[in-house]
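Remarks on the structure that follows.
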Amino acid sequence: MLALITGASSGIGREFARMLANKGYSLIIVARRKEKLEELAKELGSEVRIITADLSRLDECVELHDKLKDEDIDIFINNAGFGVFGEFDKTPIEKELTMIKTNVVAMHVLCKLFLVDFKKRNKGRILNTASLAGLMPGGPLFASYYASKAYICSLTRGIYEELRREKSDVHVCALCPGPVSTEFEKVAKVSFAGFAADPVRIVRYAYKKLMKNKLIIVPTVIMKIPKPLCRFISDKAVLKVVYGIQNSKMR
Ligand SMILES: NC(=O)c1ccc[n+]([C@@H]2O[C@H](COP(=O)([O-])OP(=O)(O)OC[C@H]3O[C@@H](n4cnc5c(N)ncnc54)[C@H](OP(=O)(O)O)[C@@H]3O)[C@@H](O)[C@H]2O)c1
């Protein structure tokens, strides 16, 4: 069994690596920070291949796929990403564009390239790490991040239905957690003030649902509440609540 994980140098990706290694998977782990990947490979001791890549660059996404297209990958955790926090007119455009290239373009490109391979073999599972943010009508103070995750949720839903109609044995899902205790806070310069889930629990739950071919995976009970609630509350009212929540994350 072989799993490919992007964004494996920390947080959710690293916990996926630990859990899947525990379950006997050989791993291909990807991120920019080689030393972090080496540390993890050493810790895991199982069969781990390291690939460093800056996935905000399209050429490096294509190169990654070129290297791996003949591998018999069972699970692809399409996970690398980050957030840019702040009022939309004040956040640096360059940083935001890099985020869009990572959270949207790289996820899209890698999902497509590996899906084509998986379909040829009629086997494989892809988990796209989106966010609860992607299920909300919008995210004041995190506007472009929410929009990037909404793209991933929508993309995944579309692909899911195509695969279902084809009765394919290839499966795709979107992981939509709320706040998780990772380096995300530091990178986005926000504070979850202790209201963050343990990534170990998140990946354990996600794996179970991934193996059951779920479409949208929302771990932790409390985070299951907002999505159905949104059906009964106007978008404008939800946006006010989201603003309050995001404002409380300001450092
Ligand atoms: N933590 C949360 O609250 C939360 C909630 C919902 C969804 N998510 C999503 O979960 C995913 C993982 O984030 P995390 O929470 O685990 O944060 P994290 O600890 O900061 O991990 C992010 C990972 O993405 C990698 N990455 C970022 N930019 C990259 C690039 N240009 N090229 C290659 N790799 C890149 C990082 O590796 P390098 O820096 O070594 O490249 C790191 O391994 C993200 O998509 C995030 O949006 C997080």
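Note on the range 1-15: residues that are assigned to a strand (DSSP E or B) and in contact with a helix residue (DSSP H, G or I) (Cβ under 6 Å, 6 or more places away or on another chain) amount to 2. Got at least one residue in the range 102-123 being polar (S, T, N, Q) and in contact with a strand residue (DSSP E or B) (Cβ under 8 Å, 6 or more places away or on another chain)? Yes: one or more hits. The residues of the range 113-133 that are under 21 Å from F16 (Cα atoms) and either of a type in the set (D, E, K, R) or not in a helix (DSSP H, G or I) (or both), listed by number, are K123, G124, R125, I126, L127, N128, T129, A130, S131.
Okay, residues lined up against (1) of a type in the set (S, T, N, Q); (2) in a helix (DSSP H, G or I):
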{"position": "A17", "(1), (2)": "no, yes"}
{"position": "A21", "(1), (2)": "no, yes"}
{"position": "L27", "(1), (2)": "no, no"}
{"position": "E35", "(1), (2)": "no, yes"}
{"position": "S46", "(1), (2)": "yes, no"}
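Taking the listed residues R32, R18, the one that is within 15 Å of V187 (Cβ to Cβ), within 13 Å of the ligand (Cβ to nearest atom) and modelled with pLDDT of 95 or more is R32, with no other qualifying. Listed by first and then second residue, the pairs with beta-carbon distance under 6 Å, at least 6 apart or on different chains, first residue in the range 70-96 and within 27 Å of R14 (Cβ to Cβ) and aliphatic (A, V, I, L, M), second within 16 Å of the ligand (Cβ to nearest atom) and in a strand (DSSP E or B), are I73/L4; I75/A3; I77/I5; I77/L127; A80/T6. Working only within the range 35-49, note down all residues that are more than 9 Å from the ligand (Cβ to nearest atom) and touching a strand residue (DSSP E or B) at 6+ places or on another chain (Cβ under 6 Å). Selection gives A41, E47, V48, R49.
The values are calculated or read from the model by the stated rules, or taken from the named source; none is laboratory data. This structure is a prediction, so every number in the text was calculated from the model and none was measured. Neighbour counts run over all protein chains shown; Cβ positions are idealised from the backbone, glycine included.
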